[in-house]
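Student: Below are the structure tokens for one structure; questions will follow.
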Amino acid sequence: MSSLIQDSARAGASVGLKGDRMTINGGRPLSGRIELKGAKNLVTKAMVAALLGETPSVLRDVPAISDVGVVRGLLEVHGVKVSDGDAEGVLHLDPSNVESANFVDIDAHAGSSRIPILFCGPLLHRLGEAFIPDLGGCRIGDRPIDYHLEVLRNFGAVVEKLPSGIRMSAPNGLHGAKVALPYPSVGATEQVLLTAVRADGITELRGAAIEPEIMDLINILQKMGAIISVDTDRVIRIEGVDALSGYDHRALFDRNEAASWAAAALATNGDIFVGGARQPEMLTFLNVYRKVGGGFEIHDDGIRFFHPGGELNPVIIETDVHPGFMTDWQQPLVVALTKATGVSIVHETVYEQRFGFVDALVEMGATIQVHKECLGGQACRFGQRNFKHSAVISGPSRLHGADIVVPDLRGGFSHLIAALSAEGVSHVSNVGIISRGYENFINKLEQLGADFVLEA
Ligand code: EPU
């Protein structure tokens, strides 16, 4: 029997697991229904956007994940009043009294998140200055912020590097700019949007990321009064306006979480109905899922993902920016690919070091090799550069239980799936990191019939 220690269900609360180590008795199909809330990678940015409004905002479907707690804390130290609505997952954000925060408070609240960098544009508009501490986030590559700093300089920000972090000021205000990103970075595109909407004049962004979460951020900004057009070929034009109001918005569902549970259904021979998942934002994932041999049914209120029986097929995938196969989808899917009959190749082109998690899978009996070469697709930015960014997975493998330590968010979820699909007992440590992006995953695992104990 599994025992359970509940996550906090309060939207935006700083959620963490009381225990950080799970003992999992694998080999049981996960089966049942779970519900998604809003996307981590939209909700956190939508909360920052509230800083730009002159009136309060209401955000709906906010998941109780620790990344939301980090942004909530950062908003609060800057004077934004954040309160829970009557219904679950509703946040009220009142930016009437935005004020400068001291370095120590910002640093203490930033935690391991990279979101603080996105506070810069809005804070420069509101206060004329911003400070960001050293940034964290998952350890999946260098994750530099050079595009962000260049974007802000283009708008007229003065950037000073200090031992404790980076200080920015805008002595002459922020003005519209022509920006061309060297790579369609999600964060840098959001930086441009959050800065340009209140900058003086017109901004033209070339090489923009166009992920659905970015489109939903544009929806929010338009509700606030912004003028933004998305043209062909990754060009976004923004006409700056003098003032923005608050918004009322229901966040786009979390398609990364949906894909994770879909992979869990396949890897464990299970059948999971993911409430709130939608087809359009998952088109590319669904194509791959079908090629691997996974079954799915699209319903009005969600998507059912299941293992239809029989063998799974190997695939060759290359991760890419939208509308390509998302980098966040590969780690959970790799676990299912260890069960496919034949050789699969996954070429990771977004992050240079996102295969650290496979060592644990190999320890559990998977046959996976990682290579420096660009395998199975086009040459990417990481070829010839000493980064092991292509994985070759040979299956089918019977995974067995092991002692594993969760390295990062998505890799961690894939370790959970691996342990749940393996024969025997696994001890998985550092599982708290998973609550950065998966709401109430402990409750969900229990709902789906997983056999585990969370150690206090
Ligand atoms: N990059 C730079 N310089 C920069 C910014 C990015 O070289 O200034 C590089 C990165 O190192 C990376 C690539 O550009 O190689 C893409 O990074 P991007 O900026 O698109 O990523 P991000 O905004 O930091 C978001 C998500 C990630 C998701 C990526 C790609 C959030 C909080 N994070 O990161 O999500 O993988 O976009 O879609 O929105 C996750 O949810 O687990 C996660 C890591």
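The values are calculated or read from the model by the stated rules, or taken from the named source; none is laboratory data. Keep in mind that what you see is a predicted model, and the values were worked out from it rather than measured. Cβ placement follows ideal geometry from the backbone for every residue including glycine, while neighbour counts extend to all protein chains displayed. The protein model used for the area step is the full one, side chains on, heavy atoms only, and it has no ligands, DNA or RNA in it. Shrake-Rupley method; radii C 1.70, N 1.55, O 1.52, S 1.80 Å.
Student: In degrees between 0 and 90, to the nearest 10, how far off the longest principal axis of the chain does helix 409-421 point, with axes built from Cα atoms?
Tutor: Roughly 20 degrees between the two axes.
Student: Pull up all non-local amide H partners of residue 339: gap of 5 or more, or a different chain, and H-to-H distance under 5 Å with H placed in the peptide plane.
Tutor: 397
Student: Output the 0 to 90 degree angle, nearest 10, between the alpha-carbon long axis of helix 327-337 and the longest principal axis computed from the alpha carbons of the chain.
Tutor: Once rounded, one gets 0 degrees.
Student: Can you give me the distance in nm between label points at residue 372 and residue 146, each placed 7 Å from the Cα along the Cα-to-Cβ direction?
Tutor: Once both label points are built, they end up 2.0 nm from each other.
Student: If Lys and Arg each add +1 and Asp and Glu each add -1, what is the summed charge of the other residues whose beta carbon sits under 12 Å from the beta carbon of residue 247?
Tutor: Overall, the nearby charge balance is 0.
Student: Sticking with this structure for a sec: What does the C-alpha gyration tensor say about the overall shape of segment 270-384? Classify as rounded when a/c is under 1.5, otherwise prolate if a/b is larger than b/c, or oblate. Intermediate results must be reported in sequence, preceding the final value.
Tutor: Values: a/c = 2.09, a/b = 1.40, b/c = 1.49.
Note, shape of segment 270-384 comes out oblate.
Student: Give, in nm to one decimal, the length gained when the segment between residue 298 and residue 103 is fully stretched (0.36 nm per residue of separation minus the Cα-Cα distance).
Tutor: Full extension from residue 298 to residue 103 adds 65.4 nm.
Student: Compute, for residue 403, the solvent-accessible surface of its heavy atoms (probe 1.4 Å) with the complete set of protein chains present, and express it in square angstrom to the nearest 10.
Tutor: Estimated to the nearest 10 Å², residue 403 gives 100 Å².
Student: Additional query: Pull up the DSSP beta bridges for the chain and report the antiparallel fraction as a percent, rounded to 5.
Tutor: Bridges in the chain that DSSP calls antiparallel: roughly 70 percent.
Student: Now for a separate question. Between 131, 79, 58, whose Cα lies farthest towards the positive end of the dipole of segment 40-250 when Lys and Arg beta carbons carry +1 and Asp and Glu beta carbons carry -1, centred on the Cα centre?
Tutor: Farthest along the dipole direction, towards plus: 131.
Student: Give the shape of segment 40-250 as rounded, prolate or oblate, defined through the alpha-carbon gyration tensor: a ≥ b ≥ c are the square roots of its eigenvalues, a/c under 1.5 means rounded, and otherwise the shape is prolate if a/b is larger than b/c and oblate if not. All intermediate terms of the calculation are to be shown ahead of the outcome.
Tutor: Values: a/c = 1.30, a/b = 1.10, b/c = 1.18.
Note, shape of segment 40-250 comes out rounded.
Student: Under a 5 Å amide H to amide H cut-off, with H placed in plane at 1.01 Å, what residues pair with residue 367 once short-range neighbours are removed?
Tutor: 394
Student: Here is a follow-up. What percent does the relative contact order of segment 40-250 come to when contacts are Cα pairs within less than 8 Å and at least six residues apart?
Tutor: 21
Student: Given a 1.4 Å probe and the protein chains all in place, what does the accessible area of residue 455 round to, in Å² to the nearest 10?
Tutor: Number for this one is 60 Å².
Student: Can you give the FRET efficiency to the nearest 0.05 for residue 343 and residue 159, using r as the Cβ-Cβ distance and R₀ = 35 Å?
Tutor: FRET efficiency, residue 343 to residue 159: 0.15.
Student: Over the chain, with every protein chain in place, what whole percent of the accessible area is carbon and sulfur at 1.4 Å, could you tell me?
Tutor: Roughly 47 percent, rounded to a whole number.
Student: Suppose each label sits 7 Å from its Cα in the direction of the beta carbon; what would the residue 202-residue 291 distance come out to in nanometres?
Tutor: For the pair residue 202/residue 291, the computed spacing is 4.1 nm.
Student: Let me check against my output: what whole-number percent is the relative contact order of the chain, with C-alpha pairs under 8 Å and at least 6 apart? Provide the component values of the computation, followed by the final result.
Tutor: Values: 1151 pairs, mean separation 99.7, N = 456.
Relative contact order, the chain: 22 percent.
Student: So, one more: What is the gain in length, in nm to one decimal, between residue 231 and residue 55 on full extension, counting 0.36 nm per residue of separation less the C-alpha to C-alpha distance?
Tutor: Separation in residues times 0.36 nm, less the Cα-Cα distance, equals 60.4 nm.
Student: Here's something else I'd like to know. Keeping every protein chain present and rolling a 1.4 Å probe, give me the accessible area per residue for the chain in Å².
Tutor: Heavy-atom SASA per residue in the chain reads 37 Å².
Student: Give, rounded to the nearest 20 debye, the magnitude of the charge dipole that the chain has about its Cα centre when Lys and Arg contribute +1 at Cβ and Asp and Glu contribute -1 at Cβ.
Tutor: Dipole about the Cα centre, nearest 20: 660 debye.
Student: Taking the Cα-to-Cβ direction at residue 242 and at residue 175 and moving 7 Å from each Cα, how far apart do the two end points lie in nm?
Tutor: 1.9
Student: Would you mind checking the tilt of helix 255-267 against the longest principal axis of the Cα atoms of the chain, expressed as 0 to 90 degrees and rounded to 10?
Tutor: 10
Student: Sticking with this one: Please give the residues of segment 23-50, grouped as numeric ranges, whose backbone N is less than 18 Å from a label point set 7 Å along the Cα-to-Cβ vector of residue 427.
Tutor: 23-26
Student: Could I ask something else about it? For residue 291, go through the lysines and keep the ones whose alpha-carbon is under 18 Å away, minus same-chain ones fewer than eight residues off.
Tutor: By straight Cα distance, residue 291 reaches 339.
Student: Cross-link candidates for residue 372: which aspartates and glutamates have Cα within less than 19 Å, leaving aside residues fewer than 8 places away along the same chain?
Tutor: Cross-link targets: 142, 318, 320, 348, 352, 359.
Student: Among the lysines, which have Cα under 28 Å from the Cα of residue 81 when same-chain residues fewer than 8 positions away are ignored?
Tutor: 18, 37, 40, 45, 223
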